[in-house]
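Quick note: the coordinates plus some simple rules give every number you see, no bench work behind them. Source: prediction; values computed, not measured. Cβ coordinates were reconstructed from backbone atoms using ideal geometry, including for glycine residues, and neighbour counts include every protein chain displayed.
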């Protein structure tokens with residue numbers, strides 16, 4: 001079901017599939033923890049993170065504010081990048 005990560009798995013399709021499942025589960029768990037830690041999906045205004053830019057603290061109250069702020073920073077850093085409309 002994909003790439004073998006060790007030579008021992010080359011001929012063991014069950015083990016290879018299990019490794020693939022475990023890697024996918026680990027990636028999902030990491031992504032969920034990062035999202036919660038950063039507060040992208042469930043940002044309540046309380047977080048252990050302090051955001052800084054150019055030495056100044058940036059106050060962000062909601063996850064959407066973070067995403068909007070990051071978008072503005074990218075626009076500033078990459079003014080000649082092509083614009084891509086987002087329908088969502």
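Within a 10 angstrom radius of the beta carbon, how do 78, 69 rank from fewest other beta carbons to most?
Going from least to most buried by this count: 78, 69.
As a footprinting exposure proxy, order 58, 10 by other Cβ within 10 Å, with the fewest listed first.
With the fewest neighbours first, 58, 10 line up as 10, 58.
Using the 10 angstrom Cβ neighbour count as an exposure proxy, how do 17, 57 rank, fewest first?
57, 17
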